[in-house]
Structure formats: structure tokens, C-alpha cells
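See structure below.
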Amino acid sequence: MRLSQSAGRLCLFLAIAGPACPQEFYSWHTHEIASNLTERSSIVFHTRLRSRQSFQHLAQFRAGVLLGYNFRGFNLTGGYYVEPNHPLDSEWQSGHRLTTSVSRSFPLRPRFTATPRLNMDRFFTVVRGDFNRFRSGVRWDYGRLSGPYMINEVMFSATGFQSTRHTAGWRVRPLPQVQFEAGYVYDVRTAYWGGNRQAIITVMRYQLGD
């Protein structure tokens, strides 16, 4: 119970303290539809909308497909996104991304799970050109069907340190094959990557079949 209370307090702190900060406010809204291909492999259809300037400017649309494979408890994922971007001072610009990751969940005690994850993305963009980004992080979940979650990540690129991102929120499972998450993100970024930012995020996941 202490873990749930601690995570809940962090969610409350971020929700109250974050909006008081001067950084620009974003929002990310994700929808995913997943289906098992075999006993160990799966496919995910992914879309995401991203806004900025307190929901007034649609900054990005992303859509893609991810393939996953479970190898001895490790979840291996690879996929592709098309993600056109809309800068504040110009028209829409094309963008693409290749992504791959490996993760594994560890039950630390009843109802509490830690999931470390390593990720590499290859971006193809107009503004910054083509570059790689490396991400390392841990997701913390409490509860089985619903409960708080936290994510702590650090990101690097060819220019060195890029950002450290901290997320806290709540997840619910209203139906056996549906999960919804809502949370708050505080992203500490270098000036080259746009400076610090904060965001409200939502994630809706559907699992088809068994």
C-alpha cells in the first residue's frame, strides 16, 4: 500500500507543480490496436496526435506499425512511423522514424512491477536532418487492473545528452481488452532540442482476440 500511496503523491505533486512552471504546455494523445500473430509474436497499429501552445496548435501526427516478439521473457520490438510535423512558423513538413527496443518486466513484490527498456530511434527529418536517438528508462506499475504508474527516462543523440523525461499518471482497465492511461510529463531538455516542456498525455489501448 505504501508504494501506491507514494506513486499517488508523486502524481499529485506533478499535476500541481508542473503547470506552475513557465515551460510551454504540450499534449500527446495515443491510440493503439494490438493483436497476437502467434503465441510469441504480436502486431500493434499506432497513432498519436501532439499539440502545443496549450492545445491551440496541432504540432504532429504520427502513425505506424510495430512488430513484437517475446524471447525468453524479453520483449523485442521493431517498427516504422510516418510523423509529419507542423512547426509554429512554417507549413507541415515530412518526417519518418524507424524504431527498435528491448524490455522486460520484473515483479518486485505483489502488485508492483518494474519494466526496464532500451530503445533506439532513427529519425528522418527536414529541420534537423537524419539522426539517431538512444533512450533508456524504467516504467513502474502498481496494481493489476488499475493503479498509478511512473516512467523515468534519459535520452541521448549524436550531440550528447538530449533530455530526461519523467511521467506520472493513472491507468484503468474498464474492459478486459481495453486499457486507458492519463498522466503528466515533465521533460528536461537542452536548449538545442527546444528547452524544457510539460505535457498532458492520454493512451488508449485495445487488444484484439485473446
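Odds and ends about this structure:
- Test result for MET150, of a type in the set (A, V, I, L, M) and closer than 16 Å to THR202 by Cα: yes
- Subset of segment 28-58 (residues that are surrounded by fewer than 17 Cβ atoms within 10 Å (Cβ to Cβ) and among the small types (Gly, Ala, Ser)): SER35, SER41, SER54
- All positions within segment 183-198 that are surrounded by fewer than 14 Cβ atoms within 10 Å (Cβ to Cβ) and of a type in the set (A, V, I, L, M): ALA191
- The residue pairs whose first member lies in segment 71-85 and is modelled with pLDDT under 95, whose second member is not in a strand (DSSP E or B), and whose beta carbons are closer than 6 Å, counting only pairs six or more residues apart or on different chains, are GLY73/ARG104; PRO84/TRP92; PRO84/SER94.
- Some residue of segment 117-131 being hydroxyl-bearing (Ser, Thr, Tyr) and at pLDDT 95 or above: no
- Check on VAL172, within 19 Å of ASN36 (Cα to Cα) and loosely packed, with under 15 Cβ neighbours inside 10 Å: no
- Among (1) in contact with a Lys or Arg (Cβ under 9 Å, 6 or more places away or on another chain); (2) buried (at least 17 other Cβ atoms within 10 Å of the Cβ); (3) of a type outside the set (D, E, K, R) - the single one HIS166 does not satisfy: (1)
- When the residues of segment 141-163 are filtered to those that are more than 21 Å from ARG104 (Cα to Cα) and not aromatic (Phe, Trp, Tyr), the one that is nearest to the chain's Cα centre (by Cα) is SER163.
- Those residues of segment 86-102 which are modelled with pLDDT of 95 or more and touching a Leu at 6+ places or on another chain (Cβ under 7 Å), in sequence order: SER101, VAL102
- Residue match in segment 168-181 (condition: over 20 Å from TRP28 (Cβ atoms) and in a loop (DSSP other than H, G, I, E, B)): yes
- Of all residues in segment 102-114, those that are more than 20 Å from GLU153 (Cα to Cα) have Cβ atoms under 9 Å from Cβ atoms of residues that are surrounded by 14 or more Cβ atoms within 10 Å (Cβ to Cβ), 6 or more apart or on another chain, in ARG109/LEU3; ARG111/LEU3; ARG111/SER4; ARG111/ASP141; ARG111/TYR142; ARG111/GLY143; ARG111/GLY147.
The values are calculated or read from the model by the stated rules, or taken from the named source; none is laboratory data. Just so it is clear, the structure is predicted and the values come from calculations on it, not from any experiment. Because the Cβ atoms are built from the backbone with ideal geometry, glycine has one as well, and the counts that use them run over all protein chains shown.
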